[in-house]
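Notes for the one structure printed next.
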Amino acid sequence: DIVEALDLHSRAWTDEIVNFNKNSKHLEISVLTPSSIRDLEEQLQEPVWGLLIAGSMGLWWYLFFSLASWKAPLASRVTVGTTGVGVASFATFAAGGLFFICGFKLNAAIVGCVPFLALGLGVNDMLILTRGFSEVGVERIKSMSMSEILGEVFGRAGVGVTLTSLCNVVSFGLASFVPIPGLSDFCICIVLDSVMNYIAMMTLFPCCLMLEAKRIKEKRPDNLLRLCHQRILRTGQESAGAESCIETPLLNCLTKRAAPRLGSWAGGVISLAIGLAAIGASVYPIKTQTLGWDPEQLVPKQNPLRRSLELLFRDFNLFPTYVVYHGIDDPMDVSQNQAEMLKLYDAVSSQKYTTPGPFPHYLTMFYYYAAFTPAVNNTNMVPAPASVPAGFADLGLVKPDRFQALFNDWRKMPLDDPASALGGGSFVLADLVFANEFKYSADGGLLYSHVLFFISGTSSDSDLIEVIKDTRAIVEASPLKDTAYVYGDIFTYWASFIGLDRFMYNIMGISVCVMFASALVLLQSLTSAVIVAVMSMLMVVNMYAAMNLLVEFNIFTVAAILAGVGLSIEFTAHVTSSFVLAPGTPEQRLATVMQETYPAILQGSVSTSLSIAPLLFHQVEFVSVYLCIPFLILTAIGMFHGMVILPGVLALSARILTLLGLVKQKESAQNTEDAEVSAERQVI
């Protein structure tokens, strides 16, 4: 009842302030209450159903129009695409159940982003498998057995799906080591979703493909386009025109014009030069990055708490911080410890951006009691060393053999005789300096204590980071470095920025190695594995630089960048695996790559963008800035590098290796057939 009453009072007071500010011209009032923060946490953990429905509907309509073939009933894939979205959604629900079984809890990042991102990733794999199915061809599907069809589909698309899923799991798994529990749980949730989605796409979705193959064998219409297709099939035709009025001309243009140009020596050199230039252009934004973030971005714009946080961090920053002592209750060393405790507190609380708390150090308060107890012939004190700052121990330090008993008498509350407290008592002063919040051993020895000071006067994130670094250096130089530390919400949170870039580089390095090893095992090509790893890192570096132009560098951008390591493989694995498996000259192999992978990559990129784009309109700016924009940036960069730069680099590497005699050029099926015909003619 008391908590409820306080919450109601807090909300009523907040409403009063909001109404006052609407009519005030010269005075603005801001309030920051515990209840408003709790309300915000509850609000952020509620699913944004409107955006989720909008994203799902936009994605479905896109898939409908991209997979539909109005004039070729047997080439239409709308029904299998729709069931594939259902399979991806089922995998997401399964991942959510596994997430809860493992003991994790929802947070704002998970509720706000995971459903959108998970759906996009699942649909990507579905589109790759669907494209592999379509590439088998209608006529071959009619004549092949179900096992042969599945074998060819997995031969075409299984390697790419496996590689992307593996890299997603590894990259998000490594990103889960970020020292922010909420973001760590977010990454773990994506890991579980990637695992469940891979299992679903390799076990459940093939059943959907088999039903689609059965439909083709029986020459039935696509269920969602039945009215349109029935008219064509009734005439005895399987097609009344091109399969796609957009895709077919586009692929013809790519295979006949783009592939020869990218596959040439000049195209490969230009692609490599552009890739190197992209790395060079990323150096300056990365080198000049600034640390920090804006806490008000966590609050919806219409919430009055947003303005409170903005003013707090900009103009009225007074952040409570504590010097914490633990394990220093040894009576034989207490005199030396007392002096060092006082010196440490004075050093950390008298810096440029720090100020002492409202009350003296608890030892200083205690000395006033110990110095006059008993009032006659007091023998409790010893002179303080000259190194102790003035004002902290002017009456001396307490003797080691008297410290524990006197300290417990000083803080003791007269609970057995409450009436005696009416006249005051030493416990009042002890309580002012939090002595009754400390931790004590069974015999009354002091185990844990803390002293309040404030971080104040900072005007930027760099000031906060500066004072944290200086404070850490002071503690490290103190003899108490193993038994003392500094704690505070702001101190702890902003301390995570220090060394953050080194942490990110280490995780990225591990991810690159795992990506290279995975590509080497699955593609069986050293050159291709190197290209996959390097091109993926190039995309991530460009994403890193682009984000530095938009936001400050912080733990949230690190999580997004590390997640981008896994997502970048979506744009390199399929192209590279297709190039490795394709026969013929570099130009012919690129034509095959464009024919097999470009539609799926383009569809996957657009579907991912459509599934995430609704987050741009999220009520919380943090979700849009850190959980939406980074992935949209990566998608745009990935499409450019994966569909323009990577093919040219692959063709160039193939030409160089062939020129050096390290590999033999694969003959295309057409070349082989022509050679056989020529041999027969010679025999004749």
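Side notes on the structure shown:
- Summed over region 203-228, the residues that are open to solvent by 50 Å² or more (accessible area, probe 1.4 Å) and either closer than 16 Å to residue 84 by Cα or in a helix (DSSP H, G or I) (or both) give a count of 10.
- Matching residues in region 361-381 - criterion: being within 24 Å of residue 318 (Cβ to Cβ) and out of contact with any strand residue (DSSP E or B) (no Cβ under 9 Å at 6 or more places or on another chain): 364, 365
- Qualifying positions in region 394-416 - assigned to a loop (DSSP other than H, G, I, E, B), under 21 Å from residue 367 (Cα atoms) and more than 52 Å from the chain's Cα centre (by Cα): 394, 395, 396, 399, 414
- Region 472-486 - residue that is of a type in the set (A, V, I, L, M, F, W, C) and without any contact (Cβ under 8 Å) to a residue 40 or more places away in the chain and, of those, most open to solvent (accessible area, probe 1.4 Å): 477
- In the condition set (1) touching a residue at least 24 places away in the same chain (Cβ under 8 Å); (2) more than 25 Å from the chain's Cα centre (by Cα), residue 419 is compliant with all but (1).
- Applying a threshold of 6 Å to beta carbon distances and a minimum spacing of six or more residues, or different chains, the list of pairs starting in region 50-68 at a residue that is within 17 Å of residue 223 (Cβ to Cβ) and assigned to a helix (DSSP H, G or I) and ending at one that is among the aliphatic types (A, V, I, L, M) and open to solvent by less than 40 Å² (accessible area, probe 1.4 Å) reads 64/78; 67/78.
- Pairs with Cβ under 9 Å, 6+ apart, first in region 455-467 and buried (at least 17 other Cβ atoms within 10 Å of the Cβ), second part of a helix (DSSP H, G or I) and among the hydroxyl-bearing types (Ser, Thr, Tyr): 455/471
- Residue 339 passes every criterion in (1) within 27 Å of residue 472 (Cβ to Cβ); (2) assigned to a loop (DSSP other than H, G, I, E, B) apart from (2).
- Screening the candidates 460, 456 for the property of being touching a strand residue (DSSP E or B) at 6+ places or on another chain (Cβ under 8 Å) and not hydrophobic (A, V, I, L, M, F, W, C) yields one hit, 456.
- Condition broken by residue 180, with the remaining ones in (1) at pLDDT 85 or above; (2) within 24 Å of residue 512 (Cβ to Cβ); (3) open to solvent by 10 Å² or more (accessible area, probe 1.4 Å) satisfied: (1)
- Qualifying residue in region 541-553 (condition: in a helix (DSSP H, G or I) and acidic (Asp, Glu)): no
- The set of residues from region 615-634 being in a helix (DSSP H, G or I), under 18 Å from the mean Cα position of the chain (by Cα) and touching a residue at least 40 places away in the same chain (Cβ under 8 Å) comprises 615, 621, 622, 623, 625, 626, 627, 629, 630, 631, 633, 634.
- Selected residue (criterion: nearest to the chain's Cα centre (by Cα)) from residues of region 62-95 that are open to solvent by 20 Å² or more (accessible area, probe 1.4 Å) and among the polar types (S, T, N, Q): 92
- Selection within region 143-177 - at pLDDT below 80 and closer than 15 Å to residue 200 by Cα: none
- Residues being among the β-branched types (Val, Ile, Thr) and touching a residue at least 40 places away in the same chain (Cβ under 8 Å) - total across region 426-448: 1
- Filter result (aliphatic (A, V, I, L, M) and within 25 Å of the chain's Cα centre (by Cα)) within region 24-56: 37, 40, 44, 48, 51, 52, 53, 54
- Within region 386-404, being surrounded by 13 or more Cβ atoms within 10 Å (Cβ to Cβ) and small (Gly, Ala, Ser) holds for 393, 396.
- Per-region count, region 555-580, residues in contact (Cβ under 8 Å) with a residue 60 or more places away in the chain and more than 20 Å from residue 114 (Cβ to Cβ): 9
- Test: residue in region 449-462 that is more than 30 Å from residue 409 (Cβ to Cβ) and assigned to a helix (DSSP H, G or I): yes
- Among (1) closer than 29 Å to residue 616 by Cβ; (2) not in a loop (DSSP other than H, G, I, E, B) - the single one residue 20 does not satisfy: (1)
- Among the residues listed as 117, 98, the single one being within 26 Å of residue 601 (Cα to Cα) and within 29 Å of the chain's Cα centre (by Cα): 117
- Subset of region 243-252 that is out of contact with any Phe, Trp or Tyr (no Cβ under 9 Å at 6 or more places or on another chain) and open to solvent by 60 Å² or more (accessible area, probe 1.4 Å) - its residue that is modelled with the highest pLDDT: 252
- Residue within region 29-45 that is of a type in the set (A, V, I, L, M, F, W, C), over 20 Å from residue 189 (Cβ atoms), assigned to a helix (DSSP H, G or I) and open to solvent by less than 50 Å² (accessible area, probe 1.4 Å) present: yes
- For region 264-306, a residue qualifies if it is modelled with pLDDT of 90 or more, open to solvent by less than 40 Å² (accessible area, probe 1.4 Å) and part of a helix (DSSP H, G or I), and the qualifying residues are 267, 268, 271, 275, 278, 282, 285, 286.
- Residues within region 435-448 that are within 41 Å of the chain's Cα centre (by Cα) and part of a loop (DSSP other than H, G, I, E, B), tallied: 1
- Odd one out for residue 161, checked against (1) touching a residue at least 60 places away in the same chain (Cβ under 8 Å); (2) surrounded by 22 or more Cβ atoms within 10 Å (Cβ to Cβ); (3) closer than 30 Å to residue 525 by Cβ: (1)
The values are calculated or read from the model by the stated rules, or taken from the named source; none is laboratory data. Just so it is clear, the structure is predicted and the values come from calculations on it, not from any experiment. Note: ideal-geometry Cβ built from the backbone for every residue, glycine included; neighbour counts use all protein chains shown. Surface accessibility is based on the protein's heavy atoms, side chains included, excluding ligands, DNA and RNA. Shrake-Rupley method; radii C 1.70, N 1.55, O 1.52, S 1.80 Å.
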